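The values are calculated or read from the model by the stated rules, or taken from the named source; none is laboratory data. Note that the coordinates shown come from a computational prediction; the quantities given were computed from them, not determined experimentally. Note: ideal-geometry Cβ built from the backbone for every residue, glycine included; neighbour counts use all protein chains shown.
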Amino acid sequence: MLDNTFDQKYWSQRYIDENTGWDIGEISTPLKTFFDQITDKSITILIPGCGNAYEAAYLWKNGFKNVFLMDLSPIPLKKFQEQHPDFPKDQLLEMNFFDCELQHHFDLIVEQTFFCALHPSLRADYAKKMNQLLSQKGELVGLLFDASLYQDHPPFGGSKKEYISILGQHLEIEKMEDSYNSIAPRQGRELFFIANKKQ
């Protein structure tokens, strides 16, 4: 584990303390809107740093069966399993995103407050790993904070220019724009983006 990685103990303690300010209690509107226009429900989906995984619950309820959840802490994964006992246990992955070696390549990877939980020094590695995990025509889709936020602990923020520069080293940025349908507390502070595997 790198020194600048917030480890399993750190994140588990935040769940225990209910110090989960990133958790909005439901699927975010921009992602729901994106999911609703997907017609092929057989696609393979990964949600890294899934937390309480409202996005996964929505997808599962709506017929997407190849959804994989990944988190460093076992606490949200166990909670999700309890709430959705029909969800396959082998699709709940308790592991470090950067160390994971998966047999799957994913058609869609969902970004929802995972990027901002990582120390900024890991962002290039994040983009590189995403490129490795995506299928040939796979997409990384999600939201990024367009605000400076904190310097010494999550959530870490940034700017559109910075994100394009760093992510663009390993991914093809198809879209990165102001999110028009963010929840009220995040209006004007989120970017919706789509990135593709760089060939």
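Given (1) in a loop (DSSP other than H, G, I, E, B); (2) without any contact (Cβ under 8 Å) to a residue 12 or more places away in the chain, identify the lone condition not met by Phe64.
(2)
Keeping to the range 67-101, report how many residues are closer than 27 Å to Gly158 by Cβ, assigned to a loop (DSSP other than H, G, I, E, B) and touching a residue at least 12 places away in the same chain (Cβ under 8 Å).
Residues meeting the conditions: 7.
Can we say Leu171 is in contact (Cβ under 8 Å) with a residue 24 or more places away in the chain, of a type in the set (A, V, I, L, M, F, W, C) and within 19 Å of Lys197 (Cα to Cα)? Lay out the reasoning, then the answer.
On the way: in contact (Cβ under 8 Å) with a residue 24 or more places away in the chain: yes; of a type in the set (A, V, I, L, M, F, W, C): yes; within 19 Å of Lys197 (Cα to Cα): yes.
Answer is yes for this residue.
Of the numbered conditions (1) outside any helix (DSSP H, G or I); (2) out of contact with any Asp or Glu (no Cβ under 9 Å at 6 or more places or on another chain); (3) closer than 22 Å to Leu46 by Cβ; (4) of a type in the set (Phe, Trp, Tyr), Phe192 satisfies every one except a single condition; which is it?
Here Phe192 meets the rest and fails (2).
Return the residues of the range 128-153 that are at pLDDT 95 or above and assigned to a strand (DSSP E or B); say none if nothing qualifies. Spell out the reasoning first.
As a first pass, look at the range 128-153 and keep what is at pLDDT 95 or above: 128-144.
Passing the criteria: Leu134, Ser135, Gln136, Lys137, Gly138, Glu139, Leu140, Val141, Gly142, Leu143, Leu144.
Tell me, yes or no, whether the range 119-140 has at least one residue that is surrounded by 14 or more Cβ atoms within 10 Å (Cβ to Cβ), among the hydroxyl-bearing types (Ser, Thr, Tyr) and within 15 Å of the chain's Cα centre (by Cα). So that I can check it myself, show each step before the final result.
We begin by selecting, within the range 119-140, every residue surrounded by 14 or more Cβ atoms within 10 Å (Cβ to Cβ); these are 119-120, 122-131, 133-135, 138-140.
Pick out the ones that are also among the hydroxyl-bearing types (Ser, Thr, Tyr) and you get 126, 135.
Filter again for within 15 Å of the chain's Cα centre (by Cα), leaving 126.
Within the range 119-140, one or more residues are surrounded by 14 or more Cβ atoms within 10 Å (Cβ to Cβ), among the hydroxyl-bearing types (Ser, Thr, Tyr) and within 15 Å of the chain's Cα centre (by Cα).
For Glu111, which of the numbered conditions (1) part of a helix (DSSP H, G or I); (2) surrounded by 15 or more Cβ atoms within 10 Å (Cβ to Cβ); (3) of a type outside the set (A, V, I, L, M) fails to hold?
In the conditions (1) part of a helix (DSSP H, G or I); (2) surrounded by 15 or more Cβ atoms within 10 Å (Cβ to Cβ); (3) of a type outside the set (A, V, I, L, M), Glu111 misses (1) alone.
From (1) polar (S, T, N, Q); (2) touching a helix residue (DSSP H, G or I) at 6+ places or on another chain (Cβ under 8 Å); (3) within 17 Å of Ile43 (Cβ to Cβ), pick out the condition that doesn't hold for Ser135.
(2)
Please verify whether the range 97-105 includes one or more residues that are crowded, with 16+ Cβ neighbours inside 10 Å and polar (S, T, N, Q).
Scanning the range 97-105 turns up no residue that is crowded, with 16+ Cβ neighbours inside 10 Å and polar (S, T, N, Q).
Among the residues of the range 155-170, is there at least one that is among the aliphatic types (A, V, I, L, M), at pLDDT 95 or above and in a strand (DSSP E or B)?
Quick first cut of the range 155-170, residues among the aliphatic types (A, V, I, L, M) only: 164, 166-167.
Those left that are additionally at pLDDT 95 or above: 164, 166-167.
Now narrow it down to the ones that are in a strand (DSSP E or B): none.
Scanning the range 155-170, I find no residue that is among the aliphatic types (A, V, I, L, M), at pLDDT 95 or above and in a strand (DSSP E or B), so the answer is no.
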